[in-house]
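Notes follow once the structure below has been shown.
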Amino acid sequence: DPSSSSSTQNSVVPELPGFYYDSEKNRYFRLLPGHNNYNPLTKESIQYKVVECKRLRLLEEEDKQKKKTRAGLNSSVLLQKRQLGLLSSTSYCRLVHELKVNCMQRRKIEIHSPDSSVAGTNNFKIIVADVACERIFTVNDVEHGGCKYGIINLSGLGKESLTVEMYDNLYFTNRKVNSVCWASLTHPDSHVKLCLMGIAETPGCASLLPASLFSSTNPGDRPGMLCSFKISTAWSCAWCLNPQADNCFSTGLTRRVLVTNVVTGHRQTFGTSSDVLAQQFARQTPVLYNGCRSGEIFSIDVRQRNRKGQSWKAIRLFHGSAVTSIHLMEAEHYLMAADMAGKIKLWDLRTTKCVKQYHGHHNEYAILPLHVNEEEGLLTAVGQDCYTRIWSLQDTHLLRTIPSPHPSSKDAIPSVVFSSRLGGRRGVPGLLMAVKQDLYHFSY
């Protein structure tokens, strides 16, 4: 095999400082510092070429995979083995998920918009689904700077048709959107919470927008509460669904946490020793979990009055690198966390010990979310390398690595949503991927 012989030859060729060995041409080339002048032989360009070759090869393999099911995995054989008692229920579940995840095929979604000029003109930055997965809130980068945001209705997403509706009331801002979450003020997911960065003389702010603003179906309906709070740079935000801290949202700022009641405007401030990059409220108690740039994760009971020193930190966990995402599991005994060293850990909150680790995630500097689907037993995360990886929650097995349909770059990291019911109660299961100007569905 010529490819294997060339790679073997390459591996035994001595490395010369300042030179690059090209196995195809079988010779050395001098590496030059490519600062301002374009130089095709910089380490970055060579690295990029290798990464791009790998991505294209994986995409090619995925296309071939559509013609045949994965070797050694067959749903009827698995069921037979399970009925004969040759497979434990845990192994059976994992193998079924592995089969389903590996057979997911990418299909492009058509985005329909009443105003054709706004559909697919700018790159997707963030997509966040509401609890029912009927809608996704989208944040897109605008070419001349700033962002635009809107809501896509997923109800048209069926097994046959792959079209979705983009509501026509698109909002523009000349500021960067740092974080987004859905908020349940008047009814479940009635509003969207946005944290905007400040620019020049304009301070940063946290805005609460009614979801009805983005729909033109009932023009007679008055939008619900719409408000904005001046706030310094917010890295993260979360909405509280526990009735003991009703109508409250939190923002993770530089070295402090702010909990604000949107109805009364009352604020509580908790000083921290580091920037708060990730937040989530528990549902069963009014407790807020925070992940910091220092690698610390701590919880706050927001009912506390006395907050001198750091004594108000209830649970404290530590990662070796900046914590970029946290996810509290449904029973609220476990917390999943990811950091900037690419580590994903599952923590037992009762013993404050790490009980599981999920390997293969790639991150060095980006704030990237985790997506946990307990119903399907799956964990999904997109790496800084633009690959989407899916693990089995139960046994931490990496089930699938999905290459991006676009060349990897800092501004083309996909944003994803995984759900058993995309489009609501009667929806379809699968993975939604937004990258560049495109939206894809991987049927599950």
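The values are calculated or read from the model by the stated rules, or taken from the named source; none is laboratory data. No experiment lies behind these values; they were computed from the predicted model shown. Heads up, the Cβs are rebuilt from the backbone with ideal geometry, glycines too, and the neighbour counts pull from every protein chain shown. Quick note on the areas: whole protein, heavy atoms, side chains included, nothing else; ligands and nucleic acids left out. Shrake-Rupley method; radii C 1.70, N 1.55, O 1.52, S 1.80 Å.
Structure summary
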| item | result |
| --- | --- |
| All aspartates and glutamates inside 15 Å of K148 as judged from Cα atoms, apart from same-chain residues fewer than 8 positions distant | D115, D168 |
| Heavy-atom accessible surface of the chain: percent carbon and sulfur, 1.4 Å | 51 |
| Unsatisfied cross-links (Cα-Cα over 27 Å) in the set K176/K410; K125/K230; K49/K100; K49/K345; K54/K410 | K49/K100; K49/K345 |
| Expected 222 nm ellipticity per residue - DSSP helices of 4 or more, -39500 (n - 2.57), all of the chain, to 500 | -4000 deg cm²/dmol |
| Mean-position separation - Cα centroids, segment 409-444 and segment 122-165, in angstrom | 9 |
| Helical segments meeting 15 Å axial Cα length and Kyte-Doolittle -1.0 threshold in the chain (DSSP H) | 2-12, 89-102 |
| Relative packing of 199-209, 19-29, which averages over residues the other C-beta atoms within 10 Å, highest first | 199-209, 19-29 |
| Vicinal HN-Hα couplings computed from phi for segment 272-288 (Karplus, 6.51 cos²θ - 1.76 cosθ + 1.60; Hz; Gly/Pro x) | 10, 8, 8, 5, 9, 9, 8, 9, 7, 8, 6, 9, 6, 9, x, 10, 10 |
| Accessible area per residue in Å² at 1.4 Å probe, computed on the chain | 50 |
| Hits among aspartates and glutamates - C-alpha to C-alpha of K313 under 16 Å, sequence gap 8 or more where chains match | D275, E296, D301 |
| Entry for Kirkwood radius over Cα pairs in Å (calculated from the structure that is shown) out of (1) 22.7; (2) 24.0; (3) 24.9 | (2) |
